[in-house]
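First comes the structure, then the notes that go with it.
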Amino acid sequence: MSRQNWLLLLITLLVAGIPLTESRFYIFLGTDILIMGLFAVSLNLLLGYTGLVSFGQGAYFGVGAYTCALLMKKAGLAFPAAFLVSAFAGALAALIIGVFCIRLTKIYFAMLTLAFSQIIWAIAFKWNSLTGGDNGIIGIAFPPYLDSGARFFYFTLAVVVLSLYVLRKVVNSPFGRMLTTIRENPERTEFIGINVKLFQLMSFMISGFFSAIAGALFGIFNHSIFPDILSWPQSAEVLIMTLLGGMYNFFGPFVGTAVMLYLRLQVTSYTQYWPLIMGTILSVLLFFFPGGIMGFLQDLRVFSRGKK
Amino acid sequence: MPEPSFLIIQSLNGLTLAMFLFLIASGLSLIFGILRVLNFAHGSFYMVGAYLTYQFVSLFINAPGYFWWAVIFASCTVALLGGIIERLLLSRLYLREELNQLLFTYALVLILSDFARILWGTEQLSVSRPAVLKGAVDIFGHLFPKYNIFIIFLGPAIALLFWMILNKTRWGRIIRAASLDREMLGSLGVNVNRLFTVVFMIGSWLAGLGGALVSPIAAIVPGMDVEIIIDAFIVVVIGGLGSFWGTLLGSVILGQVVSFGILVFPRLSMVFIYVLMAIVLILRPWGLLGKPSQR
């Protein structure tokens, strides 16, 4: 195994040790970071690797969350089945929406993803009989065998590690390299005979699939879902986390999520002005560290090597 | 079938909404047309305009015509704020990818919304209508507020004014040229950076004016920024980003859809608006009256 893989294994083992602290705070925070981290990494497949700015990723997260919860509550489906179906529901939603979105570029692509996520939000918000509207769905129960903070943490850890493993395989595969090529120059990629739109659509679907997995976990974890998770400020927040960690690094979004969620928990305990702080962090990032935390660390490494 | 007079009132209500949307969205569209920046903070400028109007009204309360002074001061302060932000911050991001500019304006949304909460609290504020425009007129047996009639006339007046400036003056010609080819304009000796600042200030002024004028008929609350910005996006997308008449058409469409949608399908009116936006983006990404971009 390479040095990086050993490091990853070590980190995973350390994270797996969190429930041993028996601190409800750290188990809660850890689960939250794992779920949102997966969401951010799945968004980054589009943003960092394919070069598509999705401003409505909350849609697939929400589709996953609602599908899983509704299948369990209304259809009485067992958790594993509901969970699997919800991931594919996310991919399906991404396929349908993606077909339209990938025809556009740049700002128009971002606007259309925003429009579709707002459509889904409005449906969730207004369809009271199915989704509970503004009141959301509450009282989503953990399946009995996951019915403790620590057990659900381990389940989440397993799902997230597996998902990240697959996603990393994807970005390092010839398919993933082609996505990066498309990001760098879609026109030239087209010239060498690649069906750019098809690759973009595939990327969109894979991203939707894993966003939905994160969403399904999120619903169970919180025991409840509200339409807010679909709305555009939520989509913007995950963009910020991705940028904070660094969008040109596979684990960047995960690091960004961890830092952001930890900061938020700390900050909100003594001030209500978290948006002000988040906005300031985002501005500083944009002006001084466009590569995010991981980009900065990489620059630092290159710099120190150059000195030797 | 409701009686026709009711339909007229309802369409007038829609038109009032449309004129506010037009004021705000035309600024957004102008900024996008020239600077190529989609400004999320535009709704925040609108909100700041409303809060500042409240502030200036309570300051000038004893002066004659205090409401109008407040509107002028508030909208100009917003323009100044916009100018400072563009000059000192936003202009440094023009060479970066679009995402950076987009996210910076989103950072502004977060920062300005909290500043408003710190300065003015979270309670709902209101401004009373100016004395001249208090009361209502009778239209086919229904009462319709005078203030709304004023807005319905003011909207087209401002549209006409801007059309004149854009099409009949030297400055307008330069602005239109900037939307076509900014490099060429720069090499012809026009100070493009200064032009960008001026355009951003005009756009911000329009947002501030919208906020100032809405203050007597809407509650001034935190959250009004995020609410209006999506509506403004819908308007410019439907009409065509950067298209002046498109923005007017988009506002009128959205205003009527909102005002009649609530009557026909109260549940689905919101969904309908977003669907409309998506359909336009799919069939004509450049909007109903926009032009496909060359790049």
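Computed quantities for the displayed model
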quantity: Cα-derived Rg over Rh, computed across region B:1-98 with Rh taken as Kirkwood radius; calculated: 1.12
quantity: At q = 0.25, 0.27, 0.30, 0.34 Å⁻¹, base-10 log of I(q)/I(0) for region A:164-205 (Debye sum, equal scatterers on each alpha carbon); calculated: -0.83, -0.93, -1.06, -1.20
quantity: Table column - 3J(HN,Hα) (Hz), region B:182-192, Karplus curve with 6.51, -1.76, 1.60, x for Gly and Pro; calculated: 6, 5, 4, 4, x, 6, 8, x, 8, 6, 5
quantity: Neighbour-limited loop hits for chymotrypsin sites (Phe, Trp or Tyr not before Pro), region A:184-288 (at most 10 other Cβ within 10 Å; DSSP other than H, G, I, E, B); calculated: A:Tyr270
quantity: 26 Å Cα-Cα reach of B:Lys168 towards lysines, excluding residues that sit fewer than 8 places from it in its own chain; calculated: B:Lys291
quantity: Sites A:Lys74 and A:Trp6, calculated FRET efficiency, Cβ-Cβ separation with R0 45 Å, nearest 0.05; calculated: 0.45
quantity: Candidate lysines for bridging to B:Lys134, where Cα separation is under 22 Å - those fewer than 8 sequence places away on the same chain excluded; calculated: B:Lys146
quantity: More than 23 Å apart - percent of Cα-Cα pairs taken over region B:169-282; calculated: 45 percent
quantity: Convex hull of Cα atoms in region B:78-188, direction-averaged projection (nm²); calculated: 12.0 nm²
quantity: A:Val99 versus A:Phe288: modelled label distance in nm, points set 7 Å from Cα along the beta carbon direction; calculated: 4.8 nm
quantity: For region B:21-223: span of alpha carbons on each principal axis (Å, largest first); calculated: 58, 41, 31
quantity: Per-residue mean of C-beta atoms belonging to partner chains within 10 Å, peptide B:276-283; calculated: 5
quantity: Among A:Ala75, A:Ala16, A:Ala40: highest mean-square fluctuation, GNM of chain A, C-alpha pairs under 10 Å; calculated: A:Ala75
quantity: Mean ellipticity per residue at 222 nm, deg cm²/dmol - from DSSP H runs of n ≥ 4 across the protein assembly as shown, formula -39500 (n - 2.57); calculated: -24500 deg cm²/dmol
quantity: Lys, Arg +1 and Asp, Glu -1 on Cβ, resulting dipole of the protein assembly as shown about Cα centre, debye, nearest 20; calculated: 1360 debye
quantity: Shielding score for A:101-113, defined as the mean number of other chain Cβ atoms within 10 Å; calculated: 5
quantity: Cα-based convex hull volume of chain A per residue, rounded to whole Å³; calculated: 158 Å³
quantity: Sparsely packed trypsin sites (Lys or Arg not before Pro) within region A:125-176, loop by DSSP, other Cβ within 10 Å at most 12; calculated: none
quantity: For chain A: lysine pairs under 23 Å (alpha-carbon distance), excluding those fewer than 8 apart on one chain; calculated: 4
quantity: Principal-axis tilt of helix B:170-180 within chain B, Cα atoms, nearest 10 degrees; calculated: 70 degrees
quantity: Cut-off under 5 Å, modelled amide H: who pairs with A:Ser224 long-range; calculated: A:Ile140
quantity: Rg to Rh quotient for the protein assembly as shown, alpha carbon positions, Kirkwood Rh; calculated: 0.99
quantity: Leading residue at positive end of dipole, region A:23-236 (Cβ point charges), from A:Gly139, A:Ser224, A:Ala81; calculated: A:Ala81
quantity: Choice from B:Ile158, B:Ile238, B:Ile229 showing the highest fluctuation, given a GNM over chain B with Cα pairs closer than 10 Å; calculated: B:Ile158
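A short reminder: the numbers here are calculations on the coordinates, not readings from a lab. Because the structure is a prediction, the values reported are computed rather than measured. Here the Cβ is made from the backbone with ideal geometry for all residues, glycine too, and neighbour counts use every protein chain on show.
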